[in-house]
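The values are calculated or read from the model by the stated rules, or taken from the named source; none is laboratory data. Treat the numbers as computed from the prediction; the structure is a model and nothing was measured. Counting neighbours? That spans all protein chains shown, and the Cβs are built from the backbone with ideal geometry, glycine included.
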Amino acid sequence: TEGEFGVLRGHEALLSSVDIGQLNFTRNNKKIYYAVNTGYAEVTGNKVTILIETAERADQIDVTRARRAKDNAEARLEKIAKDSEEFEKARVALMRAIVRLSIAEK
């Protein structure tokens, strides 16, 4: 399923896939945001382990580069057949760029 989940102290054990999107957590009463790629999250006891391909903290995202990636992906999508493998790659690149831009604003 798609969506989000939160983890509080004493959460039931859980293993879940992680899709391209936002990861956030609170440390010292401050929310920290990351743009993440695909991977897995495991909750055991009071510990969360996340294994993902890439993660960028909001303040580390190169907005110019993310905008360029978004523009490039949109241009590629206009030229590629929707049933091709290249279309899926461009779609994923666009999703990643949109998430990165969204997180950079936080």
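Observations, loosely collected:
- Long-range neighbours under 9 Å by Cβ, at least six apart or interchain, first residue part of a loop (DSSP other than H, G, I, E, B) within region 34-59, second among the acidic types (Asp, Glu): ASN37/ASP19; ASN37/GLU53; THR38/ASP19; THR38/GLU53
- If only residues of region 38-54 that are among the aliphatic types (A, V, I, L, M) and modelled with pLDDT of 90 or more are counted, the one that is surrounded by the fewest Cβ atoms within 10 Å (Cβ to Cβ) is LEU51.
- Qualifying position, being of a type in the set (Lys, Arg), assigned to a strand (DSSP E or B) and at pLDDT below 95, among LYS31, LYS82, LYS106: LYS31
- Taken over region 77-90, the criterion of being loosely packed, with under 14 Cβ neighbours inside 10 Å and either in contact (Cβ under 8 Å) with a residue 60 or more places away in the chain or over 20 Å from the mean Cα position of the chain (by Cα) (or both) is satisfied by GLU78, LYS79, ALA81, LYS82, ASP83, SER84, GLU85, GLU86.
- Any pair with Cβ under 6 angstrom, 6 or more apart, that starts in region 3-20 at a residue that is exposed (fewer than 10 other Cβ atoms within 10 Å of the Cβ) and ends at one that is among the polar types (S, T, N, Q) and at pLDDT 85 or above: ALA13/THR44
- Restricting attention to region 55-76, the residues that are surrounded by 13 or more Cβ atoms within 10 Å (Cβ to Cβ) and closer than 18 Å to LEU23 by Cβ add up to 6.
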